[in-house]
1. Relative to the Cα centre, what is the charge dipole magnitude of region B:129-347, using +1 at the beta carbon of each Lys and Arg, -1 at the beta carbon of each Asp and Glu, and rounding to the nearest 20 debye?
2. Exposed loop sites here are trypsin sites (Lys or Arg not before Pro) in DSSP loop states with at most 14 other C-beta atoms within 10 Å. What is the longest stretch of chain A lacking them?
3. So how do A:166, B:146 line up by other beta-carbon neighbours within 10 Å, fewest first?
4. Taking every residue in B:194-206, how many Cβ atoms of other protein chains lie within 10 Å of its Cβ, on average?
5. In peptide A:100-107, what is the residue-averaged number of other protein chain Cβ atoms found within 10 Å of each Cβ?
6. Along its principal axes, what span do the Cα atoms of region A:25-221 show, with the longest given first and each in whole Å?
7. Explain nothing, just compute: Karplus ³J(HN,Hα) = 6.51 cos²θ - 1.76 cosθ + 1.60, θ = phi - 60°, for every residue of region A:124-135 in order, whole Hz, x for Gly and Pro.
8. Among A:55, A:140, A:35, which one shows the biggest mean-square fluctuation in a GNM of chain A, springs joining Cα atoms closer than 10 Å?
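No value in this document is a laboratory result; all are computed from the given coordinates. Please read all numbers here as calculations on a predicted model, not as lab measurements. Counting neighbours? That spans all protein chains shown, and the Cβs are built from the backbone with ideal geometry, glycine included.
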Amino acid sequence: MESNQSKPGLLCNPEGSQRTLYPYVTGTSVVALKYKDGILMAADMGGSYGSTLRYKSVERMKPVGKHSLLGASGEISDFQELLRYLDELILYDNMWDDGNSLGPKEVHNYLTRVMYNRRNKFNPLWNSLVLGGVKKGQKYLGMVSMIGVNFEDNHVATGFGNHLARPILRDEWHENLTFEEGVKLLEKCMRVLLYRDRSAVNKLQISKITEEGVTISQPYSLKTFWGFSAFENPTLGAEGSW
Amino acid sequence: MTPISPHKPAHLCLLQSSLSYSHLAPSNPFLILAYDKIAVASHRLEPMRKGKRKKKPSPGSSQRERESQSHLLEQKENPNKNPHSFTERERHCDFCLERETKNDAVKMFRNQYDTDVTTWSPAGRLFQVEYAMEAVKQGSAAIGLRSKTHVVLACVNKANSELSSHQKKIFKVDDHIGVAIAGLTADGRVLSRYMRSEAINYNYTYESPLPVGRLVVQLADKAQVCTQRSWKRPYGVGLLVGGLDESGAHLYYNCPSGNYFEYQAFAIGSRSQAAKTYLERRFENFTGSTREDLIKDALIATRETLQGEKLRSSICTIAVVGVGEPFHILDQDTVQKLIDAFEIVQDEAPAAEPDAGAEPAAAAEEGEGSGAGADQAAVPEPDVAPMDI
């Protein structure tokens, strides 16, 4: 990859550019919040190929080590590459075999470094990542963007979730939500996204991470309601030939 | 060495070489862990060394060679027996190195396998590495102890002359790790720089303090490299690394050989045996010790290594790291107060040694507040002769 930087006139290069210029298969929003026992995270299972909702069983949340959970939106192949990096990181951490382990804070910072470094090389990993975890009773929830912007908060969202879900969370989130309350809140956010985000699919997973470990639910669908009077006869006020 | 000595049957050599090293344990624990107890056949290797540029002894000296060989074996069989009266020493001066320090009476013999670090001896020893360990013993004492929540490092700092400052022997590596060195201080400084760099890099990537155990392993691997390259030499410094982890307080000792051990309490450097004896008596209580008791124990152990000389804050350095307390070196005033506090109580009688000579108390050290030690510096006390630094 580095050799491309030194060659001027990349387009003349018969191999073409090797940098990420556009994302191809993308996932949409991820929403997450802290609750009483840990972190709850929700993401749907759609992989869009441009405007086509092509893949409908993409798992966009994965556990990392013993203490963390990673969710990603954006380019799916870059997410898979990140998982390989993290796999190696966790492997070497385990190989020390010395009672120390990388917690969510460490993993989050590592990801920030990776994302920022790639951005500096003009070859970003086209993802917005949500990293949540619990270690020794301490809950941690953070986000990293594709240009390396990172922060920590009580509730985070990526993509459209920033605009549609976070206002709901700002109003309704509070400390020490129970598990049921948290799930209900997340489902509310996901429902709004399902109605309003064109790249959302109605098949989602909710995952939780606590001191005990990670659980990722089976995929399920949300109930939707389309029986609004305005939908019954859509052309009522504006008839046309098509 | 003649390829196959007609005077020494081969099978006998094999027998003699396969003695275990367990009796050397107290001063050379690393030998047990680092070397195989089963030695390879010694004289059988001789023919392969023909091509090497080893000095060929003149015919008349083969008698001497055999005697020196028997010397080597004598040392293994009976380390307490002193084969060297003064007259014998002259005869064997080519082959042995005897250090005349009060406590550590180790006899290392020169031999043809000790030129290179990459040369094994027929008994399976790397003499250059062992000599590097000797260098640690030449340095002035460094002591470390730990409780469940704190680690204290102490060292004896003697300046070469009144005009100069003393050697810096305790280094802060990070807020949660510090190191005390004994031996070649230049090597120690370089290794401290490496440790600081590792700690900072880890913190940059993970926003989290580097676990001490991992730093120590990296350090040990670095030292091991120098024992396996013909163009390098082993680091001649022993490091007492103390720090905090998510699993508690830790104290490690890193050898030039590339080994590391975890300790509850340890002392290295010259006259460290006295401190070790004191620590061995008391170490079982250290886990539950308070910070103040731990520092007091460190000071008393330091005093043990001084063997009669009065303990003053101008000749020792104390550093502490603990839960909620970043690593820092205590300033002279604090240390002097602590010394005064327990000297009044005097629960342990210091080892009594007659004063060997007079030496004015070290004063006017660069950067050190001489005003702090005002009561000592103003009145030069008769001290023992200056010790190795």
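1. 680 debye
2. A:57-120
3. Ordered from fewest to most neighbouring Cβ atoms within 10 Å, A:166, B:146 come out as A:166, B:146.
4. So the per-residue partner count for this stretch is 2.
5. That works out to 3 on average.
6. The Cα atoms of region A:25-221 stretch 48, 40, 28 Å along the principal axes, largest first.
7. Result, rounded to whole Hz: x, 8, 7, 9, 10, 10, 10, 10, x, x, 9, 9.
8. The residue that fluctuates most here is A:55.
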